[in-house]
Amino acid sequence: MIRVVLAEDQSMVRGALASLLGLEPDIEVVGEAADGDEVIAVAEATRPDIALLDIEMPGRDGISAAQELRRRVPGCRVVILTTFGRPGYLRRAMEAGAVAFLVKDSPASELAAAIRRVLRGERVIDPGLAAAALSAGPNPLSTRERDVLSAAADGSTINDISLRLHLSEGTVRNYLSAAIHKTDARNRIEAVQKAQAQGWL
């Protein structure tokens, strides 16, 4: 049996996924979680073959959960299943150790087939998303530019951001200016929107 844990914050979607996978003769759902922090504890307790993670969840998101699972449960392979087929998400997920990236509008049979392929050591990526990621190119933002832009997303002032990230106000302005330029935006609000749309944040 292929042992799977699920992390999805919407309980109805999580239940539907568990039911669909439970119909497969060789797949057993051994644990469920509502967020990225919970799935790490569930995976440590159950030692699954596969962790099926959503990206956007409360607390720790699926990408950072994938990174932590790789460290704490190294035998577990991570499959990202998301509504948000953004090129930047794909690249970040693969860098975090995910071996498959699928969008939720795929048929259930494709998900089961992908899980089997991953267990055989293959990488499985939604073809449309792979093409979009290649054409979009790499994330142009540095780690610090992403941090500052993410902190600016809620409308925080320069002073708020500098206190939160332990940076000087001048440094925050420089990072914001660089991020605005790299995203070809007119201001930081537009830079945040463009970066989020690409999955760079």
Accessible-area value, residue 103, 1.4 Å probe, nucleic acids and ligands omitted, Å²: 20
Gained length - residue 95 relative to residue 117, 0.36 nm times residue gap less alpha-carbon distance: 6.0 nm
Rh (Kirkwood; distinct C-alpha pairs) - the chain, Å: 17.8
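When the accessible area of the chain is computed with all protein chains present and a 1.4 Å probe, what percentage of it is carbon and sulfur?
51
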With Cα atoms, 0 to 90° folded angle of helix 36-46 axis to the chain main axis: 30
The chain: angle of helix 11-22 to the longest principal axis, Cα-based, in degrees nearest 10: 40
Alpha-carbon centroid distance for the pair the range 81-109 / the range 45-77, whole angstrom: 13
Accessible area (Å², per residue) of the chain, counting only protein heavy atoms and a probe of 1.4 Å: 48
On Cα atoms only, tilt of 188-198 relative to the major axis of the chain in degrees: 20
Amide H contacts under 5 Å for residue 106, placed H, 5+ residues apart: none
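The values are calculated or read from the model by the stated rules, or taken from the named source; none is laboratory data. Since the model is a prediction, treat every value here as computed from it, not as a measurement. For the accessible areas, the whole protein counts, side chains as well, though only heavy atoms, and no ligand, DNA or RNA atoms are used. Shrake-Rupley method; radii C 1.70, N 1.55, O 1.52, S 1.80 Å.
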